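Below is one structure; the comments refer to it alone.
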Amino acid sequence: MNRVDLALAAASVVLLGYGTWNGLVVAPPDRFMGDVSRIMYVHVPTAWNAMLCFTYAFVFAVASLLTRRPAWDHRMEAAVEVGLLLGILLTVQGSIWARPTWGVWWDWDPRLTSVAVMNVMFIGVIALRSFVDDASSRARWSSVATVLAFVNVPLVYMSVRWWRTLHQPPREAGGVDPAMLLPMWINVVGLLFLTVLLVRLRTRVARASRAAELAPPELP
Amino acid sequence: MSGVIQGGWGYVAGAYGITAGVLLLYVVWLYTRLRTSGRSP
């Protein structure tokens, strides 16, 4: 790990620690949801960073298709995997929140369904990469798959605005107690730093794997 | 207050615990992969 990595790690630990303490101890309970609302201080930052990570993946995929440089493919591989990790965590957190508030662990509400589709599509991208042996074909086909999978991401974002069903729409910032907004924003930034760090580290893993693929076999 | 959900700290602990645990495991996995990648065949 270099200095930038260490700075990102330190900043994310400090911010996430402070934001979580604020969210669990300092922020008041919600008028209707009570203490269960504290899940929002980890759920919303995870959701925003998952979608941001898939946006990185989309940009890297387009760059990979246009330039054919392996560096963009490594970054895309990293961003897809980290985005999917956050997407799965987002789904689990949402399910835990749904049980006490909606009375069910899961509902085929448009927001939940579009998130599930998003996760499955990016699982498909990772699966596709594992099926293609040739590195340049793998980069090309998985870039196309990433661009196609990304089409669903804006749909996830807009789903609560277009279809008013079980999942509540975002609240206007002016109607929220500042003591509740503070941990949300601190955790958004803290998780952003952690996400960038994870993508950087995972990119190096991808680069090392590609180098190992291209290395000549050892002589007996 | 009527209508407010009572308790719920178990759900809060579950959401935060799973998130922290999974992210920590992923960091350890990445670090291990980076440490061993130089020695991969």
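Laboratory data are not the source of any read-out in this text; all were calculated from the coordinates shown. In this text the structure is predicted, and so the values were computed from the model without any measurement. Heads up, the Cβs are rebuilt from the backbone with ideal geometry, glycines too, and the neighbour counts pull from every protein chain shown.
Would you kindly give the portion of the calculated P(r) for segment A:112-220 that falls above 25 Å, as a percent of all Cα pairs? Can you show the working numbers first?
Details: 2752 of 5886 pairs.
Distances greater than 25 Å cover 47 percent of the Cα pairs.
Below 8 Å, C-alpha to C-alpha, sequence gap of six or more: please give me the relative contact order for segment A:1-130 in percent.
Numbers: 88 pairs, mean separation 27.2, N = 130.
So the answer I get is 21 percent.
Taking the Kirkwood radius as the inverse of the mean 1/r across Cα pairs, report the Rg/Rh of segment A:12-77. Please list the in-between numbers first.
Values: Rg = 18.0 Å, Rh = 14.3 Å.
Result for segment A:12-77 is an Rg/Rh of 1.26.
Hey, got a sec? Which trypsin sites (Lys or Arg not before Pro) in segment A:1-102 land in a DSSP loop and have at most 11 other Cβ atoms within 10 Å?
A:Arg31
What Rg and what Dmax come out for segment A:1-152 when only alpha-carbon atoms are used, in angstroms?
Over segment A:1-152's Cα set, Rg and Dmax evaluate to 18.2, 56 Å.
Relative contact order, percent, of segment A:97-220 when contacts are C-alpha pairs under 8 Å separated by at least 6 residues?
Taking the mean separation of contacting Cα pairs over the length of segment A:97-220, I get 23 percent.
Peptide A:39-52: average number of partner chain Cβ atoms within 10 Å per residue? Display every interim value, and only then the final one.
Numbers: counts 8, 1, 3, 6, 2, 0, 1, 3, 0, 0, 0, 0, 0, 0.
Neighbouring Cβ atoms belonging to other protein chains average 2 per residue here.
Report, as a whole number in µm² per second, the diffusion coefficient that Stokes-Einstein gives for segment A:72-131 at 37 °C and 0.692 mPa s using the Kirkwood radius over alpha carbon pairs.
It comes out at roughly 261 µm²/s.
How many partner chain Cβ atoms sit within 10 Å of a residue's Cβ in peptide A:86-97, on average, as a whole number?
Values: counts 3, 0, 1, 6, 1, 0, 5, 6, 1, 2, 10, 5.
Across A:86-97, the average partner-chain Cβ count within 10 Å equals 3.
With just the Cα atoms defining each centre, how far is segment A:96-166 from segment A:1-56? Give it in Å.
22 Å
Just to be sure I understand the rule: take each whole DSSP H helix in chain A, project its Cα atoms onto its long axis, keep it if the span is 30 Å or more and its mean Kyte-Doolittle hydropathy is at least 0.0. Which ones pass? Kindly include the intermediate steps, with their values, before the conclusion.
Details: long enough: A:40-67 (40 Å, 1.33); A:70-102 (46 Å, 0.43); A:110-131 (31 Å, 1.35); A:178-214 (54 Å, 1.06).
Taking the DSSP H segments of chain A (at least 30 Å long, mean hydropathy at least 0.0), we get A:40-67, A:70-102, A:110-131, A:178-214.
Could you work out the Rg to Rh ratio of segment A:52-98, with Rh taken as the Kirkwood radius (inverse of the mean 1/r over all Cα pairs)? Don't jump to the answer; show the numbers that get you there.
On the way: Rg = 13.3 Å, Rh = 11.3 Å.
Taking Rg over the Kirkwood Rh, I get 1.18.
Just from its helices, what would the mean residue ellipticity at 222 nm be for chain B, if runs of 4 or more DSSP H residues each count -39500 (n - 2.57) and the sum is divided by every residue, rounded to the nearest 500 deg cm²/dmol?
Details: 1 runs with 29 residues, N = 41.
The helix-only estimate for chain B comes to -25500 deg cm²/dmol at 222 nm.
Within chain A, which is the longest segment that contains none of the GluC sites (Glu not before Pro) sitting in a DSSP loop with at most 16 other Cβ atoms within 10 Å?
Answer - A:1-171.
How high is the relative contact order of chain A, in percent, with contacts defined as C-alpha pairs under 8 Å that are six or more residues apart?
Details: 252 pairs, mean separation 79.2, N = 220.
Taking the mean separation of contacting Cα pairs over the length of chain A, I get 36 percent.
Using modelled amide H (1.01 Å from N, peptide plane; none on Pro or chain starts), what sits under 5 Å from the amide H of A:Gly34, excluding residues fewer than 5 places away?
Counting only residues 5 or more places away or on other chains, the set is B:Ile5.
D for the protein assembly as shown, whole µm²/s, Stokes-Einstein with Kirkwood Rh over alpha-carbon pairs at 25 °C and 0.890 mPa s: what number?
Details: Rh = 19.6 Å.
The estimated diffusion coefficient comes to 125 µm²/s.
Averaging the inverse of every distinct alpha carbon separation and then flipping it gives the Kirkwood radius. What is it for segment A:144-205, in angstrom units? Mind showing how you got there, number by number?
On the way: mean 1/r = 0.0673 Å⁻¹.
Evaluated over segment A:144-205, this radius sits at 14.9 Å.
What order do you get for A:101-111, A:184-194, A:133-143 when each peptide is scored by the mean count of other beta carbon atoms within 10 Å, highest first? Write down the numbers at each step before the final one.
Values: A:101-111: 14.3, A:184-194: 20.9, A:133-143: 16.4.
So the peptides A:101-111, A:184-194, A:133-143, ranked by packing, come out A:184-194, A:133-143, A:101-111.
Based on Cα coordinates alone, diagonalise the gyration tensor for chain B, multiply each eigenvalue by 5, take square roots, and list the semi-axes in whole Å, largest first.
On the way: eigenvalues 346, 6, 5 Å².
Value: 42, 5, 5 Å, ordered largest first.
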